[in-house]
Amino acid sequence: MGVSTSAPHAGVAVVTVDFPPVNALPVQGWYELASAVRGAGRDPDVRCVVLAAAGRGFNAGVDIKEMQRTEGHQALIGANHGCYEAFAAVYDCQVPVVAAVHGFCLGGGIGLVGNADAIVASDDATFGLPELDRGALGAATHLARLVPQHLMRALYYTSRTVTAEELHRHGSVWRVVPRAELSDAALELAREIATKDGALLRLAKAAINGIDPVDVHRSYRFEQGFTFEANLSGIAERHREAFVSGPSDLSGLSAEAGERR
């Protein structure tokens with residue numbers, strides 16, 4: 001359990017997240033993920049990073065149960081800072097990052113894939129931000145990198161999900177494959193990228209980030225301010241408690257998950 005890094009091919013590092021049962025990451029998990037991605041990007045032998053996950057789905061957001069059993073706001077602050085660090089690590093990684101997404105990609109998962117350079121997904125993958133249902137705000141910055149503006153707003157307000165195939169039609173998912181073929185498909189793209197000159201790839205990543213029309217760090221930090229406001233007002237606490245104490249629904253993730261489909 002945790003975050004691990006492997007090197008299955010020359011020039012390619014695979015960072016794998018494994019926090020059973022649904023990859024709802026605790027505070028420390030976000031920091032571990034950030035450290036692994038940054039470390040892989042700093043390795044001079046690495047020219048592409050694949051971000052993958054074990055288990056039922058790619059990412060179910062933050063561990064709300066951890067937040068609810070922790071007194072005060074320390075877990076909330078830790079989760080916000082940890083998510084910020086993990087999202088930034090993916091965006092700022094010195095080499096391209098390919099996200100390999102299966103199952104559910106919710107909440108914080110959107111922050112990760114929205115900051116990745118490319119996304120390969122299995123045909124059972126779904127993407128969404130159930131933040132309003134959880135008393136939180138955030139990652140609209142990253143959802144807006146996956147879908148057009150008005151669709152982003154509708155998805156955000158309704159907490160609905162979209163499929164990998166829908167994102168493929170919008171151009172944000174590179175390829176959709178059967179789940180059994182996901183790892184191979186992601187590695188295929190990563191290996192192709194890794195054939196390029198490593199120094200030029202690093203320059204290209206910095207150049208592309210430099211021309212981004214939206215400062216993702218500042219934009220996400222602005223969103224986080226409203227999450228704190230929702231907590232200070234007591235709104236967020238009511239929604240989190242209702243989620244944690246509600247009935248288990250395995251079709252939409254159990255209460256052990258940070259988010260649900």
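The values are calculated or read from the model by the stated rules, or taken from the named source; none is laboratory data. Since this is a predicted model, take the numbers as computed values, not measurements. Cβ: placed from backbone, ideal geometry, glycine included. Neighbour counts: every protein chain shown. Remember, those area values only see protein heavy atoms, side chains included, never the ligands or the DNA or RNA. Shrake-Rupley method; radii C 1.70, N 1.55, O 1.52, S 1.80 Å.
So the values come out like this:
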item: Cβ-Cβ under 9 Å pairs, at least 6 apart or on other chains, the stretch 181-196 side open to solvent by less than 90 Å² (accessible area, probe 1.4 Å), far side in a helix (DSSP H, G or I); result: Ile193/Leu201; Ala194/Leu201
item: Output for the stretch 143-173, where each listed residue is out of contact with any helix residue (DSSP H, G or I) (no Cβ under 8 Å at 6 or more places or on another chain), closer than 10 Å to Phe127 by Cα and in a loop (DSSP other than H, G, I, E, B); result: none
item: Selection within the stretch 83-98 - without any contact (Cβ under 8 Å) to a residue 60 or more places away in the chain and in contact with a strand residue (DSSP E or B) (Cβ under 6 Å, 6 or more places away or on another chain); result: Val90
item: In the stretch 226-245, the residues that are open to solvent by less than 80 Å² (accessible area, probe 1.4 Å) and either in contact with an Asp or Glu (Cβ under 6 Å, 6 or more places away or on another chain) or not polar (S, T, N, Q) (or both); result: Phe228, Ala230, Gly234, Ile235, Ala236, His239, Arg240, Ala242, Phe243, Val244
item: Pair list, Cβ under 7 Å, 6 or more apart: the stretch 134-145 residue under 15 Å from Leu106 (Cβ atoms), other residue of a type outside the set (A, V, I, L, M) and not in a helix (DSSP H, G or I); result: Arg134/Glu259; Ala139/Gly107; His142/Asn115
item: Unique match (being touching a Cys at 6+ places or on another chain (Cβ under 7 Å), within 27 Å of Arg191 (Cα to Cα) and of a type outside the set (Lys, Arg)) among Val14, Val49; result: Val49
item: Members of the stretch 246-261 found to be of a type in the set (S, T, N, Q) and either modelled with pLDDT of 80 or more or open to solvent by 40 Å² or more (accessible area, probe 1.4 Å) (or both), listed by number; result: Ser248, Ser251
item: Among (1) open to solvent by 10 Å² or more (accessible area, probe 1.4 Å); (2) at pLDDT 95 or above - the single one Ala86 does not satisfy; result: (1)
item: Number of the condition not met by Arg221 [criteria: (1) open to solvent by 90 Å² or more (accessible area, probe 1.4 Å); (2) at pLDDT below 90; (3) not hydroxyl-bearing (Ser, Thr, Tyr)]; result: (2)
item: Unique residue being of a type outside the set (A, V, I, L, M, F, W, C) and under 21 Å from Ala186 (Cα atoms) when the list is Gly29, Gly82, Gly39; result: Gly39
item: Subset tally (residues that are among the aromatic types (Phe, Trp, Tyr) and open to solvent by 30 Å² or more (accessible area, probe 1.4 Å)) for the stretch 8-49; result: 1
item: Residue match in the stretch 51-67 (condition: in contact with a Lys or Arg (Cβ under 7 Å, 6 or more places away or on another chain) and closer than 24 Å to Ala230 by Cβ); result: yes
item: Near pairs, Cβ below 9 angstrom, 6+ apart or cross-chain, from the stretch 202-224 (without any contact (Cβ under 8 Å) to a residue 60 or more places away in the chain) to any residue that is among the aromatic types (Phe, Trp, Tyr) and in a helix (DSSP H, G or I); result: Asp212/Tyr91
item: Qualifying position, being open to solvent by 20 Å² or more (accessible area, probe 1.4 Å), of a type in the set (Gly, Ala, Ser) and at pLDDT 95 or above, among Ala154, Ala164, Ala136; result: Ala154
item: Total residues in the stretch 196-243, condition assigned to a helix (DSSP H, G or I) and under 30 Å from Asp63 (Cβ atoms); result: 27
